[in-house]
Amino acid sequence: MPFHELIAKDPQLSCYLFSEDDARGRRMVRPQYRPFICPRCAKVDELRALAQAGVPDIRFSSTRDIVSTADDFKLCSQRFIDGLAAAGITGLSFLPLPSQSGAFIVLPQARAKVDETIAGIEAHGERCSQCARWRETAIGPLCQSIEKPADALAIFSPAVWPESVRGARPLFFCTASAAKALSPQRFKGLELSEAF
Ligand SMILES: [Zn+2]
């Protein structure tokens, strides 16, 4: 059974979690996250960076309940968190933005196992020998490779994330029953799209 992917329809194209423009307009990893750069492929270990170096000082403007950042993470409103609780949806954790009250970074509580032999990942460039991340992926991991969580109402995220040259692109999935439970909440900016 295919999963539904949670997609934020409103990208915040100038809002990056992990990088910023320096005085000369070059895009650089934020100083607080530089200790988490892989010495081999130069990607930031995003989850460890957020956990250990804290949440960046970012602002954005949107009336949506969920948006994506320019580096493909997701931000949500308090209404989104309350709505998930009301619908009995589990599986996510939320990091508050210190610079903008009522806005949160959306993260998975746990990662679902991926069977890489059937994940159908189409990659460009090498896989890093140090952190095991690809330089860039075009396809995958496919639903068939991702272990479905025991809780039918959980939103879940695969252990392997797609990669852009800039970094990870976190994926969030749910089953059809969770999608049905989410629908009456009418979250602004959320699209549930059937995943492959
Ligand atoms: Zn690496």
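Quick rundown of the values:
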| quantity | calculated |
| --- | --- |
| Residue among 150, 86, 132 that is within 16 Å of the ligand (Cβ to nearest atom) and loosely packed, with under 14 Cβ neighbours inside 10 Å | 132 |
| Residue selected from the range 40-83 under the condition part of a loop (DSSP other than H, G, I, E, B) and within 16 Å of the ligand (Cβ to nearest atom), by the criterion farthest from residue 106 (Cα to Cα) | 40 |
| Count of residues meeting criterion [under 21 Å from residue 158 (Cα atoms) and polar (S, T, N, Q)] in the range 82-128 | 4 |
| Test: residue in the range 80-92 that is acidic (Asp, Glu) and over 28 Å from residue 40 (Cα atoms) | yes |
| Any chance residue 70 is under 24 Å from residue 191 (Cβ atoms), surrounded by fewer than 15 Cβ atoms within 10 Å (Cβ to Cβ) and small (Gly, Ala, Ser) | no |
| Residue match in the range 107-125 (condition: within 16 Å of the chain's Cα centre (by Cα), buried (at least 19 other Cβ atoms within 10 Å of the Cβ), under 18 Å from residue 50 (Cβ atoms) and not small (Gly, Ala, Ser)) | yes |
| Residue in the range 174-191 that is within 16 Å of the chain's Cα centre (by Cα) and β-branched (Val, Ile, Thr) present | no |
| Every residue from the range 177-196 that is in contact with a strand residue (DSSP E or B) (Cβ under 9 Å, 6 or more places away or on another chain) and surrounded by 14 or more Cβ atoms within 10 Å (Cβ to Cβ) | 178, 179, 181, 182, 187, 188, 189, 190, 192, 195 |
| Criterion (in a strand (DSSP E or B), more than 16 Å from the ligand (Cβ to nearest atom) and touching a Pro at 6+ places or on another chain (Cβ under 9 Å)) met by exactly one of 104, 94 | 104 |
| From the options 143, 128, residue that is within 30 Å of residue 33 (Cα to Cα) and of a type outside the set (S, T, N, Q) | 128 |
| Any hit, the range 92-101, residues being surrounded by 20 or more Cβ atoms within 10 Å (Cβ to Cβ), under 22 Å from residue 177 (Cβ atoms) and touching a residue at least 60 places away in the same chain (Cβ under 8 Å) | yes |
| Tally of residues being in contact with an Asp or Glu (Cβ under 7 Å, 6 or more places away or on another chain), over 22 Å from residue 148 (Cα atoms) and hydrophobic (A, V, I, L, M, F, W, C) across the range 74-122 | 2 |
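None of the figures in this text is laboratory data; all of them are computed from the coordinates on show. What you see is a predicted model; the values in this text were computed from it and never measured. Every residue, glycine among them, receives a Cβ derived from its backbone with ideal geometry; neighbour counts consider all protein chains shown.
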